[in-house]
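Below is one structure, written out as structure tokens; comments come after it.
The values are calculated or read from the model by the stated rules, or taken from the named source; none is laboratory data. If you're wondering where the values come from, they're calculated on a predicted model, not measured in any experiment. Here the Cβ positions follow ideal geometry from the backbone for every residue, glycine too, while neighbour counts run over all protein chains shown. Keep in mind that these areas ignore ligands, DNA and RNA; they rest on the heavy atoms of the full protein, side chains included. Shrake-Rupley method; radii C 1.70, N 1.55, O 1.52, S 1.80 Å.
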Amino acid sequence: MTIKYSEQQPSERVRELIAETSRITETGEIPKRIHNDPEVHEVELERIFGQTWVLVGHETEIPEPGDYAKRYIGDSPFIFVRDEGGEIRVLFDSCRHRGTTVVRGEQGNTTHFRCPYHNWTYKNTGELVGVPRKHECFKELDTDEYGLQPAPKVDTYGGLVFATLSDTAPALGEYLGDFTWYLDLLFKSTEGKMEVVGEPIRWEVDTNWKIGADNFTGDSYHTPATHRSILDLNVFPPELSGERSERSGVDVTDCSGHSGMVAYFEDRTALGLPESLYTGERLSEAQAELADGLVDFVGTIFPNCSILQAPFTPDPDSREIARFLNVRKWRPVGPDTTEIWNWILVPEAASDEFKDQAYDAGISTFSVAGNFEVDDFAVWDGIAEAAGCTFTKQNEPTSNYQMSMDGMGEANDISGEWPGPGTVYDTNFEDGTLRTFYDSWSRAMSGEPIQ
């Protein structure tokens, strides 16, 4: 199946906004307006969410044949399902008869999906197997041609399931590119696979989807200000927060169109993780050494999949620090509305006690009521508000992403000394990771590959 998209060019005004953003690596600035503009939003749905690889879920969410969940790629509804043969499928959730969505529940287990409108029925493979009064009303209907339509391409990495609406998109491995070197630190450093604990928690925030996605590329600059209260509470103790010289950090930019931040100790610690779970067997020697000393990692797979690994504790007085993996999707609902999907992952081989501890640490920090989350909500909505106002439309102000550019800071390019790919800087206080995100955005909005 090929999903066709309009070839109509964006308006001249939107093309100008894209062109201005494309110069971010030279100017360090972008137009504020792209963070709350209805026409930009519509072009994003087509040029970005209609063409790139987007996170659907994790394979451990649907472990048994017949397990399914309702998901979205941009504004398009899909059924994320494991069929009776064990194959993972991503099926467009629209009946081939009148077009209504077939699945109304958020998740469940079934061998068949039955449309509530006229009861056309499909196997969980998508095959049409039931048409009421077929021999009377649809004698010549070829049911083989009227199954639920699959996403053009579906693939997995580290258990994460991605899909794309474009049949001309590159293979997932090619799209992720060199960034897999860093993903492997997170998904291949423990015994067995990672698994989702609980259900993905969802909530809406009054901001543009790009705000969270760019923040999670590694905006360490906001932490001492926005998240001062977390540091004061010792949820992230001083010995882990960069206030001790033993902690090192780098920013990884221009990594196949993706970017992130790595913080680690030179000495090996496997921080917040039972020693029995750590293994470097599936990693290179350089990866294994870095993974063992990893304090935290945060990065964004363009466009809207962010991954954070960190050791926290929900109660510093009585609970030990536990490492968890937070996977997040920033789903665009409107130009100033984002639905956040939030998964907590832990090593499948961990004890139930550790899984509970890691889940509690993740939920109390990075979830709808988490300490970090409420801080970010308090400022992110203001970005969208200012971006969509009359003053911005009339005066076209810009937002600044110049940290670490010439004359602005002391970030040193250590790519030649660093074992991993990408352009790498010896600090977490620079904006190269965010500039990479908006460079990829402008490329995708221009119909170009992000790398």
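Numbers below:
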{"quantity": "Residue match in the range 108-129 (condition: open to solvent by 60 Å² or more (accessible area, probe 1.4 Å) and of a type in the set (Lys, Arg))", "calculated": "yes"}
{"quantity": "Selection within the range 394-446 - surrounded by 19 or more Cβ atoms within 10 Å (Cβ to Cβ) and more than 24 Å from residue 212 (Cβ to Cβ)", "calculated": "420"}
{"quantity": "Inter-residue pairs, beta-carbon under 6 Å, first without any contact (Cβ under 8 Å) to a residue 12 or more places away in the chain and in the range 409-421, second open to solvent by less than 90 Å² (accessible area, probe 1.4 Å) and not in a loop (DSSP other than H, G, I, E, B), 6+ apart", "calculated": "415/423; 415/424"}
{"quantity": "For residue 190: the one exception among (1) closer than 22 Å to residue 66 by Cβ; (2) at pLDDT below 95; (3) buried (at least 20 other Cβ atoms within 10 Å of the Cβ)", "calculated": "(1)"}
{"quantity": "Counted residues, the range 25-63 - those being polar (S, T, N, Q), buried (at least 21 other Cβ atoms within 10 Å of the Cβ) and farther than 28 Å from residue 172 by Cβ", "calculated": "1"}
{"quantity": "Tabulated pairs, the range 318-333, first touching a residue at least 60 places away in the same chain (Cβ under 8 Å) and part of a loop (DSSP other than H, G, I, E, B), second surrounded by fewer than 24 Cβ atoms within 10 Å (Cβ to Cβ) and small (Gly, Ala, Ser), C-beta under 6 angstrom, 6+ apart or interchain", "calculated": "321/272"}
{"quantity": "Any chance residue 66 is modelled with pLDDT of 95 or more and on the phi > 0 side of the Ramachandran plot", "calculated": "yes"}
{"quantity": "Residues of the range 210-269 classified as touching a Gly at 6+ places or on another chain (Cβ under 6 Å) and modelled with pLDDT under 75, total", "calculated": "1"}
{"quantity": "Tally, over the range 133-160, of residues that are more than 17 Å from residue 78 (Cα to Cα) and open to solvent by 60 Å² or more (accessible area, probe 1.4 Å)", "calculated": "10"}
{"quantity": "Matching residues, the range 277-330, being within 21 Å of residue 364 (Cβ to Cβ), of a type outside the set (Asp, Glu) and open to solvent by 30 Å² or more (accessible area, probe 1.4 Å)", "calculated": "314, 316, 318, 319, 321"}
